[in-house]
1. Between the range 110-124 and the range 21-98, what is the separation of their alpha carbon centroids in Å?
2. Show me 119-129, 6-16 ranked by packing, highest mean number of other Cβ atoms within 10 Å first.
3. Give a residue-ordered list of calculated ³J(HN,Hα) values for the range 146-158 (Karplus: 6.51 cos²θ - 1.76 cosθ + 1.60, θ = phi - 60°; whole Hz; x for Gly, Pro).
4. Calculate one ³J(HN,Hα) per residue across the range 27-37 by plugging θ = phi - 60° into the Karplus curve 6.51 cos²θ - 1.76 cosθ + 1.60, and present them in order as whole Hz with x for glycine and proline.
5. Divide, for the chain, the radius of gyration over alpha carbons by 2.2 N^0.38 Å, where N is the residue count.
6. Work out, step by step, the length gained on full extension between residue 131 and residue 178: first 0.36 nm times the residue separation, then minus their alpha carbon distance; give nm to one decimal.
7. Find the relative contact order for the range 8-180 and round it to a whole percent, using C-alpha pairs within less than 8 Å whose residues are 6+ positions apart.
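Just so it is clear, none of the values below were taken in a lab; they were calculated from the coordinates. Bear in mind that the values here come from a model prediction, so they are computed numbers and not experimental data. Backbone-built Cβ (ideal geometry, glycine too); neighbour counts: all protein chains shown.
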Amino acid sequence: MMEEKMKLYEGRPKDESGRAEKEIRVYDVLDRLKIPFLRVDHEVTPTIESCKGVDELLEIEICKNLFLCNAQKTKFYLLMLSGDKKFKTKDLSHQIGSARLSFADAQHMEQYLGVTPGSVSVLGLINDTDHKVRLLIEKNVLESEMFGCHPCVNTTSLKMKMKDLLEKFLPYTGHEYTEVQL
């Protein structure tokens with residue numbers, strides 16, 4: 001039986017039938033790393049605006065996850081940004097020493113993070129085994145005790161501790177992060 005939408009659950013779904021393999025893989029990693037999380041299943045939320053209601057239920061601000069690249073499409077970045085912040089490329093480009101940043105295309109998103117547009121998530125770094133993606137975390141998000149993200153699908157949102165991301169998840173994936181101010 002499918003669990004109710006817009007209800008708070010602890011941990012992975014009891015019944016995983018009908019769920020994407022990439023979502024289940026995220027739960028497997030979080031369980032292996034003993035990272036607790038709260039979960040809400042919901043309708044498709046491809047934008048930060050459509051996450052209203054989900055973030056209220058989780059009692060957090062869902063952060064934006066933007067997948068970016070340089071003009072040559074040789075360097076890729078995942079930016080975790082406060083949901084209410086406007087993204088200006090020049091503000092970020094200067095800080096990371098990369099000119100002319102733009103949004104990366106769906107093909108690279110799938111190739112490196114195993115996600116599709118609208119479901120970009122820091123948890124997609126489990127798929128970046130060649131470490132092609134540089135993680136950038138905006139200062140306000142980094143200083144938050146909790147954060148919200150998708151488990152690589154945009155029909156579920158999770159609430160986790162930032163400390164678990166930094167001390168357990170990122171060491172597991174082998175990714176470091178760069179703090180940015182926007």
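1. 9 Å
2. Working: 119-129: 22.9, 6-16: 12.5.
Sorting 119-129, 6-16 by mean packing, highest first, produces 119-129, 6-16.
3. 10, 8, x, 7, 8, x, 6, 9, 9, 10, 8, 10, 10
4. Ordered by residue, 3J(HN,Hα) equals 4, 4, 5, 4, 5, 4, 8, 6, 9, x, 7 Hz.
5. Values: Rg = 15.5 Å, N = 182, 2.2 N^0.38 = 15.9 Å.
Expressed relative to 2.2 N^0.38 Å, the Cα Rg reads 0.97.
6. Working: separation 47, 0.36 × 47 = 16.92 nm, distance 1.41 nm.
So the chain would gain 15.5 nm between residue 131 and residue 178.
7. Values: 308 pairs, mean separation 46.7, N = 173.
With pairs under 8 Å counted, the relative contact order is 27 percent.
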